[in-house]
Amino acid sequence: MSCGFSPLESGLALAAAVGLDIAFGEPPNALHPVALMGKLIETLTRQRPQLISPISDFLYGLVVTIFCVGVAFWVGLILLRVSGGMALWAKVLLDAIALKPFFAVRALPDAATKVEAALAAEDIHGARLRLRSLVSRDPDLPEPLIVSAVVESVGENFCDSVVAPMFYFALLGLPGAAVYRAVNTLDAMIGYHGEYEWYGKAAARLDDLLNWLPGRLAGLLLCLGAALTAPRAKRSMSGARAWKVMRQQAPTTDSPNAGWSMAAMAGALAVRLEKPGHYRLNGGPDLPPREYIPAANRIYAASVALLVALLIAVLVAVGWAGH
């Protein structure tokens with residue numbers, strides 16, 4: 001477990017990395033490994049041969065995916081090896097700094113809050129601009145669908161940006177977290193229908209595979225987070241309702257994994273979350289008003305706390321059992 005990094009040290013590094021995230025947020029793009037991976041993918045995509053067959057396009061995309069995953073693995077392994085032989089405190093700190101860019105705890109609710117602030121100021125244009133940092137869909141939406149998109153994104157990105165990278169760090173150390181983020185970035189950039197249908201298929205299917213367990217874990221954690229935050233909600237939240245809606249409606253989305261956390265959020269808030277022409281998650285009859293964005297953020301915060309506590313507890317238990 002943790003690829004050469006002891007479970008006890010992994011638990012300390014994870015706790016420190018979360019603290020760094022909450023205190024400082026995201027590093028600048030010039031130093032951000034995910035942003036640098038995005039530039040590498042852009043460069044390789046520009047070199048993509050034109051007017052070729054779907055099979056050739058798929059094979060080129062497969063080579064790009066394997067290459068990017070290999071780069072991420074070796075970067076993660078080098079970062080892990082650099083701290084070898086250091087004192088415990090230095091090793092933990094260095095690995096926490098290396099781990100931090102592979103997940104984003106603070107950035108997601110911050111982005112959601114900015115959309116809510118724009119809506120509260122009756123600045124629909126500003127809300128649409130800020131929505132671009134959360135979703136890839138056309139942001140030219142009326143307010144109820146903007147709020148729906150924000151709440152969906154808080155649920156969906158809880159898996160991609162928090163649960164999955166932390167899960168793979170706990171399982172495989174820094175190389176695991178780095179590989180996951182590379183695959184997730186590939187999927188976000190080229191893993192969709194249309195121009196990249198065949199070119200991004202390998203990345204999309206690999207992302208589906210890696211998110212299978214984290215996606216379901218994210219949904220379960222959101223159900224528990226809803227139960228914990230229910231007393232503070234403006235309107236009754238229910239962990240039990242989140243669980244029921246998640247189990248019934250998670251398979252109705254196009255993604256085999258994203259529906260679990262989005263449906264859990266819809267059930268927790270008792271609202272309808274909808275992407276017109278794609279899916280409708282009926283946790284309740286109505287789309288959420290903007291006042292529900294803080295409620296979604298509270299569920300998210302409680303779920304993050306549960307995740308971090310769970311992973312640290314497992315790492316510590318494995319570490320003690322190994323002594």
Next on the checklist: I'm told D140 meets every condition in (1) crowded, with 24+ Cβ neighbours inside 10 Å; (2) in a loop (DSSP other than H, G, I, E, B); (3) of a type in the set (D, E) except one. Can you identify the failing condition by its number?
Outcome noted: (1)
Next on the checklist: So if I check each of G267, G284, which one is touching a Lys or Arg at 6+ places or on another chain (Cβ under 8 Å) and either assigned to a helix (DSSP H, G or I) or crowded, with 21+ Cβ neighbours inside 10 Å (or both)?
Outcome noted: G267
Next on the checklist: Checking the structure you have, find out if any residue of the stretch 212-235 is over 30 Å from R46 (Cβ atoms), touching a Leu at 6+ places or on another chain (Cβ under 9 Å) and charged (D, E, K, R).
Outcome noted: yes
Next on the checklist: With within 21 Å of P7 (Cα to Cα), in contact with a Ser or Thr (Cβ under 6 Å, 6 or more places away or on another chain) and either of a type in the set (K, R) or crowded, with 16+ Cβ neighbours inside 10 Å (or both) as the only criterion, which of K91, K100 stands out?
Outcome noted: K91
Next on the checklist: For the stretch 156-172, which positions are over 9 Å from the mean Cα position of the chain (by Cα) and either more than 19 Å from A98 (Cβ to Cβ) or in contact (Cβ under 8 Å) with a residue 60 or more places away in the chain (or both)?
Outcome noted: M166, F167, F169, A170, L171, L172
Checklist entry - Could we say that A127 is surrounded by 14 or more Cβ atoms within 10 Å (Cβ to Cβ), under 30 Å from H193 (Cα atoms) and touching a residue at least 24 places away in the same chain (Cβ under 8 Å) here? => result no
Checklist entry - W243 versus (1) surrounded by fewer than 19 Cβ atoms within 10 Å (Cβ to Cβ); (2) under 24 Å from M166 (Cβ atoms): which is the lone unmet condition? => result (1)
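Results for (1) under 26 Å from D57 (Cβ atoms); (2) surrounded by 24 or more Cβ atoms within 10 Å (Cβ to Cβ); (3) free of Cβ contacts under 8 Å to residues at least 24 places away in the same chain, shown as yes or no for each residue.
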site: A178; (1), (2), (3): no, yes, no
site: L186; (1), (2), (3): yes, yes, no
site: M189; (1), (2), (3): yes, no, no
site: K201; (1), (2), (3): yes, no, no
site: L206; (1), (2), (3): yes, no, no
site: N211; (1), (2), (3): yes, yes, no
site: T229; (1), (2), (3): no, no, no
site: G239; (1), (2), (3): no, no, no
site: N257; (1), (2), (3): yes, yes, no
Checklist entry - Taking helices (runs of 4 or more DSSP H) that do not extend beyond the stretch 1-84, which have at least 3 residues that are in contact (Cβ under 8 Å) with a residue 60 or more places away in the chain and within 20 Å of H193 (Cα to Cα)? => result 33-46, 54-82
Checklist entry - Which members of the stretch 287-323 meet the condition of being in contact (Cβ under 8 Å) with a residue 12 or more places away in the chain and in a loop (DSSP other than H, G, I, E, B)? => result L287, P288, P289, R290, E291, G322
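Computed from the coordinates by the stated procedures, all read-outs in this text should not be read as laboratory data. Just so you know, these numbers come straight off a predicted model, no measurement behind them. Note: ideal-geometry Cβ built from the backbone for every residue, glycine included; neighbour counts use all protein chains shown.
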